[in-house]
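J.: Okay, here's the structure, questions in a sec.
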Amino acid sequence: MSTDKPSVLDRITSVMKRGTTAHDEGDTAQEVVDVKETGPQSVMQRIINESPALPTEGDIVEGTVSAIGRARVYIEIHPFGSGLIFGREFMNARDILRKVSVGDTIAAKVVESSNEDGYIELSLKEARQALIWSDAEEAVKKQTIMQIPVKEANKGGLIIEWQGISGFLPASQLAAEHYPRVEDGDKDKILTALNDLVGTSLNVIIITADQREGKLIFSEKGPQEKEEKEEKVSKYSVGDVLGGEVTGAVDFGVFVKLEEGLEGLVHISELDWGLVENTRNLYKVGDKVEVKIIEVKDDKISLSIKQLKENPWVSAAKKYKKDQQVQGVIIKYNKHGALASIEEGVAGLVHISEFENEADLKNHLSLGQSYTFTITLFEPKNQRMTLSYKKDA
């Protein structure tokens, strides 16, 4: 094997040799002057300074296949010498290397800059992976839209493969027409809905490409869809009251269709003035509802249903005051104590500190039962009330 150009070491050795025998055939006048005026050491330093840095472990280099042996491939990497793919690295890339011929130019990753035989050890598979991840990072920047078939599904989303690398498309990043609208939020039903997409091809973009973490995340919500949605959203303003149709009830709220291709979210905290623990108990897919727009941001609309109802805390401010005794029904336990409903939409907290422990609290205050309490804090503007339980009441 040989290269068209001498390696850095060859150049240094050649010039040093000619410097000591100035009249040898092939000497150039400039090289002789350099050696005479500055000395061999300076010539060597100049050549080293002018030469490109030697490749180190992890670098991607490009070279020409010069020979193919049994379970090994030799690659000439100018001006550094010969590279070698062999052993485990050859086996890892054997499917690719079967298609390689002498004279082909290929890129490879440096595994070892110089082994005991003087070769630069290379990995073709690692280089290919690095180049793919580089392409993925570029695709993220350019928001490149690509059509990829769905390989598998799990309860969180879809598995798709791009250039040999498995990536994930979360259910939350699916387009509206593919999002699994499961009425009761059953995870097995969600998986069934997602499995229906296996084998189909989706237009997606890469939104995260992290080689170190091996993380490749896709989204079906491409730039074009985002722009179209933003254009639709721009027609609406905060304060608008609209009619809509419930398209899905999830743990954190209810989706409402405002027009074809545009939905808004009513967060669980905006469904009712009273405590809502299960959105599906209030609304079903297909229900007609009236909503109020409370936020418009980019391509998202936030809605409220409760703000179209009278705020019970406004009327409560006229009826209750601190130190007043009231009747309340225990509706929920939490880590702070028990929540007691005074009237629809107005509840106060009975703090656990009034009891020996959680078991003592539950022994005295049962869910669904009515008790007499004293208001110890009342801030209707902030919708806050704390209660004290009177055992002797």
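J.: Somewhere in segment 275-296, is a residue part of a strand (DSSP E or B) and free of Cβ contacts under 8 Å to residues at least 40 places away in the same chain?
T.: No, because not a single residue in segment 275-296 is part of a strand (DSSP E or B) and free of Cβ contacts under 8 Å to residues at least 40 places away in the same chain.
J.: Of the residues Glu152, Glu220, only one is charged (D, E, K, R), more than 24 Å from Lys300 (Cβ to Cβ) and in contact (Cβ under 8 Å) with a residue 40 or more places away in the chain; which?
T.: Numbers: Glu220 fails: more than 24 Å from Lys300 (Cβ to Cβ).
The conditions single out Glu152.
J.: Among the numbered criteria (1) within 23 Å of Glu344 (Cβ to Cβ); (2) modelled with pLDDT of 90 or more; (3) buried (at least 16 other Cβ atoms within 10 Å of the Cβ), which one does Leu242 miss?
T.: Going through the list (1) within 23 Å of Glu344 (Cβ to Cβ); (2) modelled with pLDDT of 90 or more; (3) buried (at least 16 other Cβ atoms within 10 Å of the Cβ), Leu242 breaks only (1).
J.: Out of all the residues in segment 341-354, which are touching a residue at least 24 places away in the same chain (Cβ under 8 Å) and farther than 21 Å from Gln383 by Cα?
T.: Correct list: Glu354 only.
J.: Only strands (runs of 3 or more DSSP E) wholly contained in segment 303-393 count here; list those with 3 or more residues that are more than 30 Å from Leu262 (Cβ to Cβ) and under 41 Å from the mean Cα position of the chain (by Cα).
T.: In segment 303-393, 325-334, 337-343, 346-351 are the strands (runs of 3 or more DSSP E) which contain 3 or more residues that are more than 30 Å from Leu262 (Cβ to Cβ) and under 41 Å from the mean Cα position of the chain (by Cα).
J.: Pick out the one residue from Ser219, Ser166 that is exposed (fewer than 15 other Cβ atoms within 10 Å of the Cβ) and within 19 Å of the chain's Cα centre (by Cα).
T.: Working: Ser219 fails: exposed (fewer than 15 other Cβ atoms within 10 Å of the Cβ).
None of the other options fit; the residue is Ser166.
Matching residues to (1) crowded, with 17+ Cβ neighbours inside 10 Å; (2) more than 20 Å from Glu310 (Cβ to Cβ); (3) of a type in the set (Asp, Glu):
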| position | (1), (2), (3) |
| --- | --- |
| Ser237 | no, yes, no |
| Glu259 | no, yes, yes |
| Val266 | yes, no, no |
| Glu277 | no, yes, yes |
| Glu290 | no, no, yes |
| Ile293 | yes, no, no |
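Here's the yes/no breakdown for (1) part of a strand (DSSP E or B); (2) of a type in the set (Asp, Glu); (3) modelled with pLDDT under 65; (4) under 18 Å from Ser113 (Cβ atoms):
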residue	(1), (2), (3), (4)
Asp24	no, yes, yes, no
Asp27	no, yes, yes, no
Glu31	no, yes, yes, no
Met44	no, no, yes, no
Ala67	yes, no, no, no
Gly83	yes, no, no, yes
Glu89	no, yes, no, yes
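J.: Being surrounded by fewer than 15 Cβ atoms within 10 Å (Cβ to Cβ) and either over 28 Å from Val150 (Cβ atoms) or in the same structural domain as Asn334 (by TED's automatic domain parsing) (or both): is that true of Ser302 here?
T.: No; evaluated as a whole, the condition is false for this residue.
J.: Please find, within segment 172-208, the residue that is nearest to the chain's Cα centre (by Cα) out of those that are small (Gly, Ala, Ser) and at pLDDT 90 or above.
T.: Among them, the one singled out is Ser201.
The values are calculated or read from the model by the stated rules, or taken from the named source; none is laboratory data. Not measured: the values here are computed from a predicted model. Positions of Cβ are generated from backbone atoms using ideal geometry, with glycine treated the same way; all protein chains shown enter the neighbour counts.
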